[in-house]
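Trainee: I have a structure I would like to understand better, so I am pasting it below and will then ask my questions one at a time.
Please treat every number below as a calculation from the coordinates, not as lab data. Just so it is clear, the structure is predicted and the values come from calculations on it, not from any experiment. Heads up, the Cβs are rebuilt from the backbone with ideal geometry, glycines too, and the neighbour counts pull from every protein chain shown.
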Amino acid sequence: ALAHGLDAYWSGHADTAVGWFKRALALDPEWAESHMALGEVYYHLLPEMPLPPDSLAETEFLQAAAYDSGFAPPLFHLAELALRRADTAASERLLERFRGFNPDSGRWRQLSIMRSCVRGGAQAVDWAAEAATHPMDVVHAARSLSVGGAQNDCAERGYRALLSSPAASDFHWGAVQ
């Protein structure tokens, strides 16, 4: 069921993926990876659901983190969600836990950019320097901050820095979108 769900997810078939992941969870309700995968569908795709996808995703990520405390992936998305809500207390706890896994620098840099902007405002980040040296991390941070219009000032600064940076020319179209 998990394999079928992953195949559907990677093919962009959100509703089918949800069905398969729910079957996997019916077999093992405490399977952290299945909760994580279901959360990924809610987070990245748009299945037909009665509740907002972000709240459904967060529920699944929380379950994944609860069932396997040694599983880092849900912490990344939980931190993103907390930062978008400007829930600094929750985001700090999640960032501390995530940092304990020694995450790859790009994931950590994205969250650090987001945290700096949410805590200190859009001017707290040296967007030009970040766009010149780490454009991929800036585009990911800006994209995550812009979801649902959550942190528009921060997202706009990130996108404008990408558009202004000759070093980030490969990211100009993504910033325009």
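Trainee: Per-residue HN-Hα couplings for the range 160-176, Karplus 6.51 cos²θ - 1.76 cosθ + 1.60 at θ = phi - 60°, whole Hz, x for Gly and Pro?
Mentor: 5, 5, 5, 5, 7, 8, x, 6, 10, 4, 5, 10, 4, 5, x, 5, 5
Trainee: Give me the net charge for the shell around Leu46: Cβ to Cβ below 13 angstrom, other residues only, Lys and Arg +1, Asp and Glu -1. Walk me through the numbers on the way to the answer.
Mentor: Numbers: positive: none; negative: Asp15, Glu40, Glu48, Asp54.
So the environment of Leu46 carries a net charge of -4.
Trainee: What label, among (i) 10.2; (ii) 12.8; (iii) 12.3, belongs to mean projected area of the Cα convex hull in nm² computed from the structure on display?
Mentor: Answer by label: (i).
Trainee: While we're looking at this one, here's another question. Let a ≥ b ≥ c be the square roots of the eigenvalues of the Cα gyration tensor of the range 1-57; is it rounded (a/c under 1.5), or, if not, prolate (a/b larger than b/c) or oblate?
Mentor: oblate
Trainee: Could you state the number of Å between the C-alpha centres of the range 65-108 and the range 12-54?
Mentor: Cα centres, the range 12-54 to the range 65-108: 20 Å.
Trainee: For the range 47-103, what class follows from the C-alpha gyration tensor (a ≥ b ≥ c being the square roots of its eigenvalues): rounded when a/c is under 1.5, otherwise prolate if a/b is larger than b/c, else oblate? The partial results should precede the final answer.
Mentor: Working: a/c = 2.57, a/b = 1.41, b/c = 1.82.
Oblate is the answer for the range 47-103, as a/c is 1.5 or above yet b/c matches or exceeds a/b.
Trainee: Between helix 105-120 and the chain, what is the angle of the helix's C-alpha long axis to the longest principal axis, kept within 0 to 90° and rounded to the nearest 10?
Mentor: 70
Trainee: Decide, for the range 68-136, between rounded, prolate and oblate: order the square roots of the alpha carbon gyration tensor eigenvalues as a ≥ b ≥ c, take rounded if a/c falls under 1.5, and otherwise choose prolate if a/b is larger than b/c, else oblate. Mind dumping the intermediate values first?
Mentor: Values: a/c = 2.69, a/b = 1.41, b/c = 1.90.
Because a/c hits 1.5 or more and a/b fails to exceed b/c, the range 68-136 counts as oblate.
Trainee: Between Ser105 and Ser169, how many nm apart are label points set 7 Å from Cα along the C-beta direction?
Mentor: The answer from the label model is 2.4 nm.
Trainee: Please find the FRET efficiency linking His44 to Asp126, where r is the Cβ-Cβ separation and R0 is fixed at 30 Å, and quote it to the nearest 0.05. Mind dumping the intermediate values first?
Mentor: On the way: r = 29 Å, r/R0 = 0.97.
Using R0 = 30 Å, I get an efficiency of 0.55.
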